[in-house]
Amino acid sequence: MKLLQTTPRADGFRMPGEFEPHRGTYMIWPQRPDNWRLGGKPAQRVFAKVATAIAEFEPITVCVNADQYANARAMLPEKVRVVEMSNNDAWVRDCGPTFVKNGDTVRGVDWDFNAWGGLVDGLYFPWDKDDAMAEKICELENADRYRTEGFVLEGGSIHTDGEGTVVVTEECLLSDGRNPDLKRSEIEAHLRDYLGVEKIIWLKRGIYLDETNGHVDNIFSFSAPGECLLAWCEDKSDPQYEISAENLAILENTTDAKGRKLKVRKLRLPSPITITKEESEGVDAIAGTLPRKEGDRLAASYVNFYVVNGGVIFPTFCDPADEEARKTLEEAFPGRRVVGIYAREILLGGGNIHCITQQVPKGGA
Ligand code: KQY
């Protein structure tokens, strides 16, 4: 497939909202023992549940390193397509392509990926195989590709409404490990050019202690043009309270690219979740990888759900707030089946359901 020298904006392409129709979904199989406890076995079972749930709604492909191919094939149902593809870890939202479309044509944006901060505060080294994934997925999808060499970004750090608005966090996009030489206005120009958006809404910070430098996809999501969900904390003594309140004030005092005021739904967070001794001891210590220490607080959030054709897949944590989250999602996504999956094992690796999935939009208006 072609490597394009223009930009999506110049070619009339835009990033659709996640709630628009999908051609399918991609995931990557987890295995690295310095991120996933017990050699990735518990996480693999949960990834298999997520892939199986998605397969009820749309085609799904799971990309797997060669040494795990047979295992992944055996653990996944037949209707899940399994392809061998070298990777460093399992976060396709972040290292995979962000798809943009213009009518029936779908193309990929291949961001420069540096494992959430490179040598400044990245989460592992090396990341070269992950950085090569977007190109390979574009090949599988017959999609031409734009590459943003030297401009670092992950798919989890942007959320679009498909109608000209993107939401990001300052904590992430202005972090020292991404694009330290670019001014805010230059970052905005890249977002306009590669996502085909007009309006950029800057939230301040993401979920407390989120190791991605506060990816927006864990704290905020559009559910429809003009409607969104914000991770919410009721406990004023929790550092998360101020973070969520600050973002709410921004959202309530802005308009989107179409001039609409946003309808904001609060999605209450689960109670703080921390790593147990047993969980910590199951992870291999390797220099250069973020350690998983007993007692560390994890960035659990229901906002990290994934919207599929006809459904919503959301993480549950065995918390009383799980049921409330389901109800809020059912209200925000009328007509879709809301499916909860116990996601503690994904959380232990540093993410939730949205970060392990990436959608390919369907062509069409
Ligand atoms: O987008 C994400 N939440 C991925 C986090 C990566 C964690 C790597 N240990």
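The values are calculated or read from the model by the stated rules, or taken from the named source; none is laboratory data. Everything numeric here is computed off the predicted structure, so don't read it as measured data. Glycine gets a Cβ as well: all are built from the backbone with ideal geometry, and neighbour counts include every protein chain shown. Note: accessible area is taken over every heavy atom of the protein model, side chains too, but ligands, DNA and RNA are not part of it. Shrake-Rupley method; radii C 1.70, N 1.55, O 1.52, S 1.80 Å.
Scanning region 88-106 for residues that are open to solvent by 10 Å² or more (accessible area, probe 1.4 Å) and within 16 Å of the ligand (Cβ to nearest atom) returns Asn88, Trp91. The sole residue among Leu123, Leu195 that is closer than 26 Å to Val64 by Cβ and open to solvent by less than 20 Å² (accessible area, probe 1.4 Å) is Leu123.
Taking the criterion of being open to solvent by 30 Å² or more (accessible area, probe 1.4 Å), in a helix (DSSP H, G or I) and in contact (Cβ under 8 Å) with a residue 24 or more places away in the chain, the only residue of region 248-260 that qualifies is Ile250. Of the listed requirements (1) open to solvent by 30 Å² or more (accessible area, probe 1.4 Å); (2) of a type in the set (D, E, K, R); (3) more than 16 Å from the ligand (Cβ to nearest atom), Asp128 misses just one: (3). Number of residues in region 296-318 that are open to solvent by 30 Å² or more (accessible area, probe 1.4 Å) and more than 25 Å from Gln359 (Cα to Cα): the value is 3. The criterion of at least 1 residues that are within 12 Å of the ligand (Cβ to nearest atom) is met, among helices (runs of 4 or more DSSP H) falling completely within region 261-365, by 344-348. Restricted to strands (runs of 3 or more DSSP E) entirely inside region 36-145, those with at least 3 residues that are of a type in the set (A, V, I, L, M, F, W, C) are 60-64, 105-112.
Within region 32-69, take every residue that is aromatic (Phe, Trp, Tyr) and open to solvent by less than 10 Å² (accessible area, probe 1.4 Å) and give me the one that is nearest to Gly310 (Cα to Cα).
Ranking the qualifying residues of region 32-69, first place goes to Phe47.
Candidates Ser175, Ser223, Ser185: the one that is of a type in the set (S, T, N, Q) and part of a helix (DSSP H, G or I) is Ser185.
Scanning region 338-360 for residues that are open to solvent by 10 Å² or more (accessible area, probe 1.4 Å), under 14 Å from Phe19 (Cβ atoms) and not polar (S, T, N, Q) returns a single hit, Val338.
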